[in-house]
Amino acid sequence: MLGSGQSAKMPTKIVIAVVLFFSCQLLLFWSNFEDLDEKKASLEAAVARLERRKDVLRKQIMDLERESFRINKTLLRSEILLKDRLPLLKNPRNLSPIFFVTPTHYRPAQKADLTRLAQTLKAVPNLVWIVVEDAEKLSEGIAAIVKSSGLQYGHLHALTPTNMKLNESDPNWKVPRGVAQRNQALSWIRTNFAGTVRGVVYFGDDDNTYDWRLFDEMRSIEKAGVWPVGIVGGQLVETPMVSTTNGSVVGFNARWKPNRPFPIDMAAFAVNVSLIHSYPNAQFSYEVPRGYQESTFLVGLDLQRNELEPKAANCTEVYVWHTRTEHPKLNSFDRRRFQLRENLTDVERRAVL
Ligand code: UDP
Ligand code: MN
């Protein structure tokens, strides 16, 4: 009986054990199942984080690609520019020369103006700077500036006739400026470059502002080139007007004396040096009305309006400005010593002589 009683209890224990075992398994499974949920959620969060990071990185890649494109483009442009310029710098003699004529007169800002101009011009290849002093004789200070430019140069002088040189405080101070000096330069070119047919002549006053690109433009002139001039004749810019159909000059926007044959400023044109030789009498004149210097000279070269070659991107770019240096107000003591060039201290001489 005992045996059978014991044997009857056995299955119950086994059942309990089995039930316990499965319950444990179930719990284990359940807890694993809960764990999986958590894992899934954290994995999903990680994926979302990575997606966001991917977006950020993709944007950075795009920015870098754009930047690299920009850099490559700049590099290419610089290479082209360098390739263009290198032979010119190595051998500027291949370029047609520019005869740059500068009349200049004695005044407190003369040294400052000429220093600035010398430093603009010294970077221009194959330029002959013809400086003509409105003076009885050459001055040492100007000789030093002209030499320091390192350019080929002519240093000349031509005194303006006294009846043409009225005092600046005189209300009649309306006589043309630089006439005798430009004519002196023309005859110097005709004598010293007699056989030269390649090159252009340009009249560049000492107080204007010149962009280097102006010089690139003028070298290709066949007869006479024209372009806009900034801040002149009461206008922001005076410019020839160019036909969009055939690219020729069809008019001018100048408001001051628009009926002049060529209503343009001295800084607005350059002519081929061969014309200077072909028309040996073409020059500037004291005998013509105010504002007619440019026209007198261009008519003297037998030029017609329709022969003008528009430069500076069909006269849409401005590479020269008719800036004017203010006349400084000096006290009478300094003014007198400057006029007489007497009793100036060393440092004063260095400022103005
Ligand atoms: N100039 C000259 N003698 C004079 C007055 C001017 O040689 O009595 C020169 C001046 O140095 C300049 C050019 O002629 O290079 C034109 O003169 P300015 O700049 O005074 O004329 P504006 O600016 O009125 O055209
Ligand atoms: Mn001027």
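Annotations
- Across the range 329-346, the qualifying residues are those that are in contact with a helix residue (DSSP H, G or I) (Cβ under 7 Å, 6 or more places away or on another chain) and assigned to a loop (DSSP other than H, G, I, E, B), and the one among them that is surrounded by the most Cβ atoms within 10 Å (Cβ to Cβ) is Leu344.
- Residue match in the range 173-190 (condition: hydrophobic (A, V, I, L, M, F, W, C), within 23 Å of Ala312 (Cβ to Cβ) and at pLDDT 95 or above): no
- Restricting attention to the range 205-220 and to residues that are hydrophobic (A, V, I, L, M, F, W, C) and in contact with a helix residue (DSSP H, G or I) (Cβ under 8 Å, 6 or more places away or on another chain), the residue that is farthest from ligand 1 (Cβ to nearest atom) turns out to be Trp212.
- Residue match in the range 287-299 (condition: among the basic types (Lys, Arg) and surrounded by 14 or more Cβ atoms within 10 Å (Cβ to Cβ)): no
- Residue that is nearest to ligand 2 (Cβ to nearest atom), among those in the range 169-209 that are of a type in the set (Phe, Trp, Tyr) and buried (at least 20 other Cβ atoms within 10 Å of the Cβ): Phe203
- Index of the failed condition, Leu138 passing every other in (1) assigned to a helix (DSSP H, G or I); (2) out of contact with any helix residue (DSSP H, G or I) (no Cβ under 9 Å at 6 or more places or on another chain); (3) of a type in the set (A, V, I, L, M): (1)
- Some residue of the range 122-137 being on the phi < 0 side of the Ramachandran plot, surrounded by fewer than 16 Cβ atoms within 10 Å (Cβ to Cβ), at pLDDT 95 or above and within 15 Å of ligand 1 (Cβ to nearest atom): yes
- Complete set of residues in the range 297-323 that are in a strand (DSSP E or B) and within 16 Å of ligand 1 (Cβ to nearest atom): Val320, Trp321
- Members of the range 266-286 found to be surrounded by fewer than 22 Cβ atoms within 10 Å (Cβ to Cβ) and within 16 Å of ligand 1 (Cβ to nearest atom), listed by number: Gln283, Ser285, Tyr286
- Test for Asn163: is it at pLDDT below 95, outside any loop (DSSP other than H, G, I, E, B) and either of a type in the set (Phe, Trp, Tyr) or surrounded by fewer than 19 Cβ atoms within 10 Å (Cβ to Cβ) (or both): yes
Yes or no, residue by residue, for (1) assigned to a helix (DSSP H, G or I); (2) among the polar types (S, T, N, Q); (3) closer than 23 Å to His327 by Cβ:
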{"residue": "Gln181", "(1), (2), (3)": "yes, yes, yes"}
{"residue": "Ile189", "(1), (2), (3)": "yes, no, no"}
{"residue": "Thr196", "(1), (2), (3)": "no, yes, no"}
{"residue": "Val201", "(1), (2), (3)": "no, no, no"}
{"residue": "Gly230", "(1), (2), (3)": "no, no, yes"}
{"residue": "Asn246", "(1), (2), (3)": "no, yes, no"}
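- Residue within the range 100-118 that is under 24 Å from the mean Cα position of the chain (by Cα) and free of Cβ contacts under 8 Å to residues at least 12 places away in the same chain present: yes
- Residue within the range 101-121 that is assigned to a strand (DSSP E or B), within 16 Å of ligand 2 (Cβ to nearest atom) and either within 20 Å of Ile221 (Cβ to Cβ) or of a type in the set (Lys, Arg) (or both) present: yes
- The number of residues in the range 306-317 that are surrounded by fewer than 19 Cβ atoms within 10 Å (Cβ to Cβ) and closer than 18 Å to Asp211 by Cβ comes to 4.
- Look at (1) surrounded by 13 or more Cβ atoms within 10 Å (Cβ to Cβ); (2) in a loop (DSSP other than H, G, I, E, B); (3) within 16 Å of ligand 2 (Cβ to nearest atom) and you find that Glu326 fails only one, number (1).
Here is a yes/no grid of residues against (1) within 16 Å of ligand 1 (Cβ to nearest atom); (2) of a type in the set (Asp, Glu); (3) touching an Asp or Glu at 6+ places or on another chain (Cβ under 8 Å); (4) at pLDDT below 95:
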{"residue": "Asn192", "(1), (2), (3), (4)": "no, no, no, no"}
{"residue": "Arg198", "(1), (2), (3), (4)": "no, no, no, no"}
{"residue": "Glu222", "(1), (2), (3), (4)": "no, yes, yes, no"}
{"residue": "Trp227", "(1), (2), (3), (4)": "no, no, yes, no"}
{"residue": "Gly234", "(1), (2), (3), (4)": "yes, no, no, no"}
{"residue": "Glu238", "(1), (2), (3), (4)": "yes, yes, yes, no"}
{"residue": "Ala254", "(1), (2), (3), (4)": "yes, no, yes, no"}
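The values are calculated or read from the model by the stated rules, or taken from the named source; none is laboratory data. The structure displayed is predicted, hence computed values, not measured ones. Every residue, glycine among them, receives a Cβ derived from its backbone with ideal geometry; neighbour counts consider all protein chains shown.
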